[in-house]
Amino acid sequence: MLKADAWVQFGPSEAKQPLPFLKGNVGKNAALLFSSDARIAPPSDDELKAIKDKKEGEWIELEPIAAKRYEAIQHLEIGKPLRQTIVLETGPLKRPMESLDKCIDELLTHWGIDVEKHKNLKRSPVPAQNPGRWIYSSDYPMDMLQIGQPALVEFRLSVNEDGKPTACHIQATTRPKEFDDAVCKSLLRRAAFEPALDSDGKPIASYWRSRVRFQIPGI
């Protein structure tokens, strides 16, 4: 896998933005594997400043996108690194996003989350230290390291009222199960959080999502 940036734009009004991706494969097909969460717009200037000035281990939560901005979307444009720009005619995204939100609410109930309280969180779970310290280079599966196999693993941690991870779930993965096992084993051993707080400021069970990229420098 080779890391680079792709240029995307939710048009016609939202700004063009770079998204990091890896060149890899899904099955036998070549693919661009985006290695960060995508929004319809890049962070605002104030959000970028907060990200730049954040302290080690501090977690910056971006403001949600307003429904009227989803309604204004007409297409998704993907440029670099493609030789020819692709435009996907999506139409307004407000109703699809509302449907997705309903699906997520249903999922949350299966994850043991109080959906109504979760809609008005005062704070989501915040890593108690730099998440980059939760996975060590020694966690790279040895047999995968020997053959130079990279991987991208997306995960979800269930976080209880004390800020302790209670379960690890693999959301998506590009490579062998050895990577999935290594990620969950390390996270359940080392991850710690300041718990989510409900609207009254009381700790509440929640979840935290992120991804881990395994890659040998220079490969």
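Nothing in this text is a laboratory measurement; each read-out follows from the coordinates by a stated rule. Keep in mind the model is a prediction, meaning the values are calculated, not measured. Note that each Cβ is placed from the backbone with ideal geometry, even for glycine, and that neighbours are counted across all protein chains shown.
Over all other residues within a Cβ to Cβ distance under 13 Å of Glu63, the charged ones net out to -2, with Lys and Arg as +1 and Asp and Glu as -1. Isolated cysteines in the chain, defined as those with no second cysteine Cβ under 4.7 Å, comprise Cys103. Ignoring lysines fewer than eight residues from Lys55 along the same chain, the ones with Cα atoms less than 23 angstrom from its Cα are Lys122, Lys164.
Only aspartates and glutamates eight or more places from Lys185 in sequence, or on another chain, were considered; those with a Cα closer than 19 Å are Asp139, Asp143, Glu154.
Calculate, in whole percent, how much of the Cα-Cα pair population of segment 146-213 lies beyond 21 Å. Percentage above 21 Å: 31. Remark on the chain: hydrodynamic radius 19.4 angstrom, per the Kirkwood mean of 1/r across alpha carbon pairs. Give the relative contact order (percent, whole number) for the chain; include only Cα pairs under 8 Å separated by 6+ residues. It rounds to 19 percent for the chain. Taking the Cα centre of segment 44-141 as reference, the dipole from Cβ charges on Lys and Arg (+1) and Asp and Glu (-1) amounts to some 160 debye.
When the convex hull of its Cα atoms is viewed from all sides, segment 80-122 shows a mean projected area of 5.5 nm². Counting only aspartates and glutamates at least 8 places from Lys80 when in the same chain, those with an alpha carbon closer than 20 Å to its own are Asp5, Glu14, Asp37, Glu89. Which entries in the list Lys49/Lys119; Lys117/Lys177; Lys16/Lys52 go over 29 Å, if you measure between the two C-alpha atoms of each? Cα-Cα > 29 Å for Lys117/Lys177; rest within.
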